[in-house]
1. For the pair Thr100 and His44, what calculated FRET efficiency results from E = 1/(1 + (r/R0)^6), where r is the Cβ-Cβ distance and R0 = 35 Å, to the nearest 0.05?
2. What ranking do 86-97, 55-66, 180-191, 117-128 get when scored by the average of other Cβ atoms within 10 Å per residue, highest first?
3. At Thr54 and Ala119, where each label point lies 7 Å from the Cα along Cα→Cβ, what is the point-to-point distance in nanometres?
Amino acid sequence: MFNFQLVVPWLLTSTLASASVPSPAPTIPDITLEKTPTPIVRVHYNYYPISGTTAMDLRAEMLRYGPHGELAERPYDGYTHWHVRWSYNYATTNEGCTVTGVESSVDVTFTLPWWNVPAEASGSVVAAWNQYVGALQLHENGHMAHGVAAATEITRTLNQFPAYPSCTALREAISRTTRQIVQHYNQRDIDYDLSTQHGLTQGAMFPPHQHSASQETLPSY
């Protein structure tokens, strides 16, 4: 059995990311690839604390404590990466070296701020925060869908992989193919951030109706 893994980090948004209570596990998007085993998907949340009573307090805390991506010069409010693993078995048959079994999994980790809502916080700020959280989760689910789709497509492709004259040739072909699949979904994430302005068009903006330096379109990777 050969085992492979690839870590693919993604900046999900350049706006505020979090909730005043732990976020529920997101719904795994439906990947419509026929007759393909569903990869194992594990979702993790990593919170960093923020404090304040006003929207601008929270914005300042995000700018101060938000996570940095590998290519970002300033912090983001939220950060995620998906980590794809796959493994396969192969055997020599009359047709040549053939894949005999495939498994895949995805680990998705969201890094988000944690706001322990103080009693003096206004209802309007809390409501705006909660609205933002829902919009951001929708945006994040879109990124997670790409990680799930990458693992699903790898499984489907390897299950249908042709036989090769040698197992060395088979392994080399699989390596090239799986990298191309992951690169495709890397680009899907980049295009998704561009089309949604890192979630802004989906309502992922905090404070509402107010742009800030952290809401500029930053590079995804």
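Nothing in this text is a laboratory measurement; each read-out follows from the coordinates by a stated rule. Fair warning: this is a prediction, and the values are worked out from it, not measured in the lab. Backbone-built Cβ (ideal geometry, glycine too); neighbour counts: all protein chains shown.
1. Numbers: r = 32 Å, r/R0 = 0.90.
With a Förster radius of 35 Å, E is 0.65.
2. Top to bottom by mean Cβ count within 10 Å: 55-66, 180-191, 86-97, 117-128.
3. 2.2
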